[in-house]
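Engineer: Below you will find the structure I want to go over with you.
The values are calculated or read from the model by the stated rules, or taken from the named source; none is laboratory data. From a predicted model like this one, the values you see are computed outputs, not experimental measurements. For neighbour counting, all protein chains shown are included, and Cβ atoms are generated from backbone atoms with ideal geometry for every residue, glycine included.
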Amino acid sequence: MAVVGAHGHDELARYYVWDRLVRATHWVIALSIAVLAVTGFYLGHPFLSTPGEARAHFTTGWAKVFHFYAAIAFSLAVGARLVWMVRGPRHSGWRNFMPVSRRRWRDLGKTLQFYLLIRRTPPTTIGHNPLAGLSYLAVFGMYLVMIATGLALYAVSSHSYMHHFAFLVRAFHGVQWTRWIHHLTMWGIIAFAVAHTFFAMLTSRNEKNGELDSIFSGYKFLPKDQPPDDKDV
């Protein structure tokens, strides 16, 4: 029995789009960001009060511990995903993030019209749509800023090998500027997370292609003989 898609196609085929490493790094980054945001805001403005001496509770100390280990997981996941952009399969590679073909440049405008609710359906893509791909490049830039400023802030009070990252404090023009950039970039990532969730739900609802399920299963349902995203048609 034929499966009818949102774009009027008679049949949809099951495509394996997101491999295990892409899915794993996605969830490690997402969960570590949640921990980093909560513990980071607490470290900036401690709001919990405990009776007695602070050394008997170590509340802020535990927040810093969780923040530190979440930062390690975040940095490793970001690094692995960046390497996979070069060494991974076609749908995970850097070509899926940049408009390297005339078709992706053409679809960029159509996707923007869809997000602005001007167009009823977005153009069909196997991996990231052109606009999402460009936005993810910007987000990975913010990830690198977070990692660099985080290393700089940790180096300030470190007495171990982490002290070697103190040069980053000078690169960001001092501790206060480093802390401000770290904080502001976190808000930028949170804003992206909200927009990312909304647009993923919007695209999945309109295309009916398993967009949301794909980050768990790796599979999307797309028209048969769908050409690769970087191929001009």
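Engineer: State yes or no: is Ala70 more than 24 Å from His196 (Cβ to Cβ), in contact with a helix residue (DSSP H, G or I) (Cβ under 6 Å, 6 or more places away or on another chain) and of a type in the set (Gly, Ala, Ser)?
Structural biologist: no
Engineer: Given the criteria in a helix (DSSP H, G or I), under 30 Å from Phe165 (Cβ atoms), within 14 Å of the chain's Cα centre (by Cα) and of a type outside the set (A, V, I, L, M), does Tyr69 qualify?
Structural biologist: Judged against the criteria, Tyr69 is not a match.
Engineer: Taking the residues in segment 102-140 that are assigned to a loop (DSSP other than H, G, I, E, B), buried (at least 18 other Cβ atoms within 10 Å of the Cβ) and of a type in the set (S, T, N, Q) as candidates, determine which candidate is farthest from the chain's Cα centre (by Cα).
Structural biologist: Result: Thr124.
Engineer: So, in segment 194-221, exactly how many residues are in contact with a Gly (Cβ under 8 Å, 6 or more places away or on another chain) and modelled with pLDDT under 80?
Structural biologist: The qualifying residues number 4.
Engineer: Would you list the helices (runs of 4 or more DSSP H) that sit entirely within segment 141-221 and hold 1 or more residues that are touching a Lys or Arg at 6+ places or on another chain (Cβ under 8 Å)?
Structural biologist: Passing ranges, in order: 175-207, 211-217.
Engineer: Against the condition touching a Gly at 6+ places or on another chain (Cβ under 7 Å) and farther than 21 Å from Gly79 by Cα, how does Lys224 come out, does it pass?
Structural biologist: no
Engineer: Please count how many residues of segment 167-194 are over 12 Å from Gly150 (Cα atoms) and of a type in the set (S, T, N, Q).
Structural biologist: 1
Engineer: Does Ser32 qualify as being within 30 Å of Val175 (Cβ to Cβ) and among the polar types (S, T, N, Q)?
Structural biologist: yes
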